[in-house]
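Trainee: Below is one structure. I have some questions about it.
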Amino acid sequence: MYKLVRSTTTRLSTLNRASVHRGPTNDVPPAIGPAPDLDPEIAKKIQEDKKRLQWRTPYSDRPDSFYSAFKLFASENRNSELVEKMQQPIDLSPSAILEWWQKRRTTIEAHMQKFIPERHATLGDDIATAHFIVHRGGSVRFRGSDKWIQKDEDDEYDLPRHHIPGMVLEEVRCDGMTLFYEGMENIQKLLRLKHLSFEKVARFDDWYLDRISGNVLPSLERLNLRGTAVTHRGLNCLYRLPSLKVLLVDDPEKDIHWKLTVAMLEEWNPNLRVVASE
(Lines give C-alpha, C1' and ligand atoms only; values in the text may rest on other atoms or scores of the structure.)
Protein backbone atom coordinates (compact mmCIF):
# COMPACT_ATOMS: atom_id res chain seq x y z
CA MET A 1 0.00 0.00 0.00
CA TYR A 2 2.96 2.28 0.70
CA LYS A 3 4.13 1.79 -2.88
CA LEU A 4 0.75 2.82 -4.26
CA VAL A 5 0.67 6.10 -2.31
CA ARG A 6 4.22 7.01 -3.22
CA SER A 7 3.71 6.32 -6.94
CA THR A 8 0.47 8.31 -7.04
CA THR A 9 2.13 11.26 -5.35
CA THR A 10 4.91 11.19 -7.92
CA ARG A 11 2.45 11.32 -10.79
CA LEU A 12 0.49 14.21 -9.29
CA SER A 13 3.63 16.23 -8.75
CA THR A 14 4.39 16.10 -12.47
CA LEU A 15 1.11 17.78 -13.42
CA ASN A 16 0.89 21.53 -13.65
CA ARG A 17 -2.19 23.61 -13.01
CA ALA A 18 -3.16 23.75 -16.69
CA SER A 19 -3.15 19.97 -17.03
CA VAL A 20 -5.22 19.56 -13.86
CA HIS A 21 -7.97 21.90 -15.13
CA ARG A 22 -7.84 20.64 -18.71
CA GLY A 23 -10.10 17.69 -18.07
CA PRO A 24 -10.08 14.15 -19.52
CA THR A 25 -8.98 14.89 -23.10
CA ASN A 26 -6.81 12.87 -25.42
CA ASP A 27 -4.16 15.59 -25.78
CA VAL A 28 -3.01 15.45 -22.14
CA PRO A 29 0.70 14.52 -22.07
CA PRO A 30 1.47 11.19 -20.41
CA ALA A 31 2.71 11.24 -16.84
CA ILE A 32 6.41 10.79 -16.20
CA GLY A 33 7.47 7.59 -14.53
CA PRO A 34 6.06 4.07 -14.40
CA ALA A 35 2.34 3.60 -14.04
CA PRO A 36 1.26 2.19 -10.67
CA ASP A 37 0.29 -1.45 -10.55
CA LEU A 38 -3.19 -1.05 -9.10
CA ASP A 39 -5.20 -3.81 -7.58
CA PRO A 40 -8.26 -4.61 -9.81
CA GLU A 41 -10.67 -3.80 -6.99
CA ILE A 42 -9.00 -0.44 -6.38
CA ALA A 43 -9.02 0.37 -10.13
CA LYS A 44 -12.71 -0.50 -10.33
CA LYS A 45 -13.47 1.75 -7.36
CA ILE A 46 -11.57 4.63 -9.01
CA GLN A 47 -13.59 4.24 -12.20
CA GLU A 48 -16.84 4.21 -10.22
CA ASP A 49 -15.79 7.40 -8.43
CA LYS A 50 -15.00 9.10 -11.74
CA LYS A 51 -18.38 8.12 -13.12
CA ARG A 52 -20.13 9.41 -10.02
CA LEU A 53 -18.34 12.76 -10.32
CA GLN A 54 -19.52 13.32 -13.88
CA TRP A 55 -22.35 15.71 -14.75
CA ARG A 56 -25.82 14.44 -14.04
CA THR A 57 -27.75 12.66 -16.77
CA PRO A 58 -30.40 14.97 -18.29
CA TYR A 59 -34.00 14.05 -17.52
CA SER A 60 -34.74 13.53 -21.22
CA ASP A 61 -31.99 10.86 -21.36
CA ARG A 62 -33.13 8.89 -18.31
CA PRO A 63 -34.99 5.73 -19.35
CA ASP A 64 -36.85 5.54 -16.04
CA SER A 65 -38.02 9.15 -16.15
CA PHE A 66 -41.36 10.53 -17.33
CA TYR A 67 -39.49 13.18 -19.32
CA SER A 68 -37.84 10.58 -21.54
CA ALA A 69 -41.03 10.51 -23.62
CA PHE A 70 -40.31 14.09 -24.67
CA LYS A 71 -36.70 13.53 -25.68
CA LEU A 72 -37.66 14.25 -29.30
CA PHE A 73 -38.41 17.86 -28.37
CA ALA A 74 -35.38 18.31 -26.10
CA SER A 75 -32.67 20.64 -27.33
CA GLU A 76 -29.25 19.06 -27.72
CA ASN A 77 -27.47 22.18 -26.44
CA ARG A 78 -29.97 23.11 -23.77
CA ASN A 79 -27.25 23.77 -21.17
CA SER A 80 -25.48 26.38 -23.29
CA GLU A 81 -28.80 28.00 -24.22
CA LEU A 82 -29.75 28.29 -20.56
CA VAL A 83 -26.41 29.86 -19.62
CA GLU A 84 -26.67 32.28 -22.54
CA LYS A 85 -30.18 33.33 -21.54
CA MET A 86 -29.14 33.84 -17.91
CA GLN A 87 -26.32 36.15 -18.97
CA GLN A 88 -28.58 38.41 -21.01
CA PRO A 89 -30.87 41.09 -19.61
CA ILE A 90 -34.59 40.36 -19.69
CA ASP A 91 -36.18 42.09 -22.65
CA LEU A 92 -39.97 42.03 -22.82
CA SER A 93 -40.31 44.61 -25.55
CA PRO A 94 -42.68 43.76 -28.41
CA SER A 95 -39.80 43.51 -30.89
CA ALA A 96 -37.91 41.06 -28.64
CA ILE A 97 -41.00 38.91 -28.12
CA LEU A 98 -41.67 38.90 -31.86
CA GLU A 99 -38.08 37.89 -32.59
CA TRP A 100 -38.28 35.07 -30.04
CA TRP A 101 -41.54 33.84 -31.54
CA GLN A 102 -40.14 33.87 -35.07
CA LYS A 103 -37.07 31.91 -33.99
CA ARG A 104 -39.31 29.44 -32.21
CA ARG A 105 -41.46 28.93 -35.30
CA THR A 106 -38.35 28.49 -37.45
CA THR A 107 -37.01 25.82 -35.10
CA ILE A 108 -40.31 23.94 -35.12
CA GLU A 109 -40.64 24.08 -38.91
CA ALA A 110 -37.07 22.88 -39.41
CA HIS A 111 -37.80 19.98 -37.07
CA MET A 112 -40.98 19.11 -38.96
CA GLN A 113 -39.01 18.86 -42.21
CA LYS A 114 -36.65 16.18 -40.92
CA PHE A 115 -36.33 12.96 -42.87
CA ILE A 116 -38.75 10.21 -41.80
CA PRO A 117 -37.43 6.78 -42.86
CA GLU A 118 -40.79 5.09 -42.21
CA ARG A 119 -42.51 7.35 -44.74
CA HIS A 120 -40.05 6.46 -47.50
CA ALA A 121 -40.15 2.77 -46.59
CA THR A 122 -43.97 2.75 -46.81
CA LEU A 123 -44.58 4.98 -49.84
CA GLY A 124 -41.35 4.59 -51.76
CA ASP A 125 -38.90 7.42 -52.43
CA ASP A 126 -40.83 8.97 -55.35
CA ILE A 127 -44.26 9.20 -53.72
CA ALA A 128 -42.79 10.12 -50.32
CA THR A 129 -40.87 13.01 -51.91
CA ALA A 130 -44.01 14.11 -53.74
CA HIS A 131 -45.94 14.26 -50.45
CA PHE A 132 -43.15 16.27 -48.81
CA ILE A 133 -43.00 18.83 -51.66
CA VAL A 134 -46.72 19.24 -52.40
CA HIS A 135 -47.69 19.48 -48.72
CA ARG A 136 -45.39 22.51 -48.38
CA GLY A 137 -46.59 24.37 -51.45
CA GLY A 138 -44.54 22.88 -54.27
CA SER A 139 -45.64 20.91 -57.31
CA VAL A 140 -44.59 17.64 -58.93
CA ARG A 141 -45.16 15.75 -62.17
CA PHE A 142 -44.95 11.99 -62.65
CA ARG A 143 -43.70 10.23 -65.75
CA GLY A 144 -46.34 9.61 -68.40
CA SER A 145 -48.56 12.45 -67.19
CA ASP A 146 -48.87 16.11 -68.20
CA LYS A 147 -50.70 17.02 -64.98
CA TRP A 148 -48.88 18.98 -62.29
CA ILE A 149 -49.97 17.96 -58.79
CA GLN A 150 -50.21 20.76 -56.23
CA LYS A 151 -52.48 21.93 -53.43
CA ASP A 152 -55.81 23.52 -54.31
CA GLU A 153 -57.57 26.42 -52.59
CA ASP A 154 -58.60 24.13 -49.72
CA ASP A 155 -55.03 22.83 -49.24
CA GLU A 156 -56.05 19.47 -50.65
CA TYR A 157 -54.10 17.42 -53.19
CA ASP A 158 -54.41 14.06 -54.88
CA LEU A 159 -51.52 11.74 -54.11
CA PRO A 160 -51.50 8.01 -53.30
CA ARG A 161 -51.38 7.02 -49.65
CA HIS A 162 -49.52 3.78 -50.34
CA HIS A 163 -46.75 2.55 -52.61
CA ILE A 164 -47.67 2.13 -56.28
CA PRO A 165 -45.04 0.48 -58.48
CA GLY A 166 -44.37 2.40 -61.67
CA MET A 167 -45.09 5.88 -60.31
CA VAL A 168 -41.88 7.74 -61.06
CA LEU A 169 -41.17 11.41 -60.41
CA GLU A 170 -39.83 13.30 -63.43
CA GLU A 171 -40.14 16.93 -62.38
CA VAL A 172 -40.14 18.68 -59.00
CA ARG A 173 -40.72 22.40 -58.49
CA CYS A 174 -39.87 23.90 -55.10
CA ASP A 175 -40.19 27.49 -56.34
CA GLY A 176 -40.76 29.99 -53.54
CA MET A 177 -41.00 27.34 -50.84
CA THR A 178 -39.70 27.71 -47.29
CA LEU A 179 -37.19 24.90 -47.13
CA PHE A 180 -34.64 24.14 -44.45
CA TYR A 181 -31.44 22.17 -44.64
CA GLU A 182 -33.08 19.40 -42.63
CA GLY A 183 -35.61 18.91 -45.43
CA MET A 184 -33.06 18.31 -48.17
CA GLU A 185 -32.70 14.68 -47.16
CA ASN A 186 -36.30 14.06 -48.25
CA ILE A 187 -35.34 14.66 -51.90
CA GLN A 188 -33.23 11.56 -52.40
CA LYS A 189 -32.88 8.37 -54.45
CA LEU A 190 -35.05 9.71 -57.27
CA LEU A 191 -33.46 7.58 -59.97
CA ARG A 192 -35.58 8.96 -62.86
CA LEU A 193 -35.89 12.60 -61.83
CA LYS A 194 -34.98 14.88 -64.76
CA HIS A 195 -35.94 18.43 -63.70
CA LEU A 196 -35.50 20.04 -60.27
CA SER A 197 -36.17 23.70 -59.49
CA PHE A 198 -35.38 25.75 -56.37
CA GLU A 199 -36.12 29.15 -57.89
CA LYS A 200 -36.63 31.91 -55.32
CA VAL A 201 -35.95 29.64 -52.34
CA ALA A 202 -34.23 32.29 -50.25
CA ARG A 203 -32.59 29.93 -47.76
CA PHE A 204 -31.07 27.69 -50.45
CA ASP A 205 -27.30 28.20 -50.27
CA ASP A 206 -24.08 26.28 -50.89
CA TRP A 207 -24.77 23.87 -48.02
CA TYR A 208 -28.18 22.98 -49.45
CA LEU A 209 -26.70 22.39 -52.90
CA ASP A 210 -23.97 20.18 -51.50
CA ARG A 211 -26.61 18.08 -49.73
CA ILE A 212 -28.81 17.81 -52.81
CA SER A 213 -25.93 16.83 -55.10
CA GLY A 214 -25.16 13.86 -52.86
CA ASN A 215 -28.74 12.56 -52.71
CA VAL A 216 -28.41 10.01 -55.58
CA LEU A 217 -30.00 11.82 -58.55
CA PRO A 218 -28.26 10.06 -61.46
CA SER A 219 -30.75 11.15 -64.17
CA LEU A 220 -31.06 14.85 -63.27
CA GLU A 221 -30.72 16.93 -66.45
CA ARG A 222 -31.99 20.39 -65.48
CA LEU A 223 -31.37 22.27 -62.23
CA ASN A 224 -32.77 25.75 -61.55
CA LEU A 225 -30.93 27.81 -58.93
CA ARG A 226 -32.15 31.30 -59.88
CA GLY A 227 -33.06 33.51 -56.95
CA THR A 228 -31.13 31.41 -54.42
CA ALA A 229 -28.14 32.23 -52.22
CA VAL A 230 -25.79 29.82 -54.00
CA THR A 231 -22.32 31.22 -54.70
CA HIS A 232 -19.65 30.14 -57.18
CA ARG A 233 -18.09 28.02 -54.44
CA GLY A 234 -21.18 25.85 -54.16
CA LEU A 235 -21.09 24.90 -57.85
CA ASN A 236 -18.00 22.75 -57.29
CA CYS A 237 -20.15 19.93 -55.90
CA LEU A 238 -22.11 19.50 -59.15
CA TYR A 239 -19.64 16.88 -60.38
CA ARG A 240 -21.87 14.43 -58.49
CA LEU A 241 -24.61 14.95 -61.09
CA PRO A 242 -23.21 13.22 -64.19
CA SER A 243 -26.34 13.68 -66.37
CA LEU A 244 -26.74 17.42 -65.77
CA LYS A 245 -27.26 19.34 -69.04
CA VAL A 246 -28.76 22.71 -68.05
CA LEU A 247 -27.92 24.77 -64.96
CA LEU A 248 -29.91 27.97 -64.48
CA VAL A 249 -28.32 30.71 -62.34
CA ASP A 250 -28.89 34.44 -61.99
CA ASP A 251 -25.75 35.56 -63.81
CA PRO A 252 -23.06 33.06 -64.87
CA GLU A 253 -20.76 35.98 -65.78
CA LYS A 254 -21.24 37.92 -62.58
CA ASP A 255 -17.50 38.19 -61.86
CA ILE A 256 -14.23 36.43 -62.56
CA HIS A 257 -14.90 33.76 -59.92
CA TRP A 258 -18.18 32.79 -61.54
CA LYS A 259 -16.60 32.74 -65.01
CA LEU A 260 -13.77 30.46 -63.87
CA THR A 261 -16.13 28.09 -62.04
CA VAL A 262 -18.51 27.89 -65.00
CA ALA A 263 -15.60 27.23 -67.36
CA MET A 264 -14.37 24.46 -65.08
CA LEU A 265 -17.83 22.84 -64.98
CA GLU A 266 -18.26 22.99 -68.74
CA GLU A 267 -14.80 21.51 -69.24
CA TRP A 268 -15.66 18.66 -66.88
CA ASN A 269 -19.02 18.06 -68.58
CA PRO A 270 -19.07 19.16 -72.24
CA ASN A 271 -22.85 18.59 -72.39
CA LEU A 272 -23.52 21.10 -69.59
CA ARG A 273 -24.76 24.63 -70.31
CA VAL A 274 -24.71 27.20 -67.49
CA VAL A 275 -27.11 29.97 -68.47
CA ALA A 276 -29.35 32.63 -66.98
CA SER A 277 -32.38 31.67 -69.08
CA GLU A 278 -33.29 29.07 -71.66
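The values are calculated or read from the model by the stated rules, or taken from the named source; none is laboratory data. Just so it is clear, the structure is predicted and the values come from calculations on it, not from any experiment. Every residue, glycine as well, gets a Cβ built from its backbone with ideal geometry; the counts of neighbours run over all protein chains shown. The area values use the complete protein model at the heavy-atom level, side chains included, leaving out ligands, DNA and RNA. Shrake-Rupley method; radii C 1.70, N 1.55, O 1.52, S 1.80 Å.
Trainee: Using only Cα atoms, locate the centre of the range 207-224 and the centre of the range 101-134, then give the distance between them in Å, rounded to an integer.
Mentor: So the separation of the two Cα centres works out to 18 Å.
Trainee: Top to bottom by accessible area (1.4 Å), largest first, where do TYR208, TYR157 land?
Mentor: Details: TYR208 20, TYR157 45 Å².
Result, largest first: TYR157, TYR208.
Trainee: Under the 0.36 nm per residue contour assumption, what length would be gained going from the current alpha-carbon distance of ALA110 and ASN271 to full extension?
Mentor: On the way: separation 161, 0.36 × 161 = 57.96 nm, distance 3.62 nm.
Stretched fully, the ALA110-ASN271 segment lengthens by 54.3 nm.
Trainee: Follow-up question, since we're still on this one. I'd like to compare 190-198, 215-223: which one has the highest average count of other Cβ atoms within 10 Å, and what's the full order after that?
Mentor: Working: 190-198: 19.8, 215-223: 18.2.
Peptide ranking by packing, descending: 190-198, 215-223.
Trainee: Mind giving me the nanometre distance, one decimal, between the label points for LYS51 and HIS163, set 7 Å out from Cα along Cα→Cβ?
Mentor: Here the modelled spin labels are 4.2 nm apart.
Trainee: Can you send over the solvent-accessible area of MET264, 1.4 Å probe, protein chains only, in Å² to the nearest 10?
Mentor: 90 Å²
Trainee: What accessible area per residue, rounded to a whole number of Å², is obtained for the range 168-214 using a probe radius of 1.4 Å? Don't skip to the end; give the middle numbers.
Mentor: Values: 1970 Å² over 47 residues.
On a per-residue basis, the range 168-214 sits at 42 Å².
Trainee: Right, something else. By per-residue mean of other Cβ atoms within 10 Å, what is the highest-first order of 247-259, 230-242?
Mentor: Values: 247-259: 14.5, 230-242: 17.4.
Peptide ranking by packing, descending: 230-242, 247-259.
Trainee: For the range 135-232, which whole percent of the accessible surface, found with a 1.4 angstrom probe, sits on carbon and sulfur atoms?
Mentor: On the way: 2230 of 5010 Å².
That fraction is 44 percent.
Trainee: Also, I was wondering about something else. When a/c is below 1.5 the answer is rounded, else prolate if a/b is larger than b/c, else oblate, so apply that to the range 98-216 with a ≥ b ≥ c taken from the square roots of the Cα gyration tensor eigenvalues.
Mentor: Values: a/c = 1.62, a/b = 1.45, b/c = 1.11.
Taking the square roots of the gyration eigenvalues as a ≥ b ≥ c, the range 98-216 is prolate.
Trainee: Among rounded, prolate and oblate, which fits the range 153-220 when a ≥ b ≥ c are the square roots of the eigenvalues of its C-alpha gyration tensor, a/c under 1.5 means rounded, and a/b larger than b/c means prolate?
Mentor: Numbers: a/c = 1.97, a/b = 1.20, b/c = 1.65.
The shape class here is oblate.
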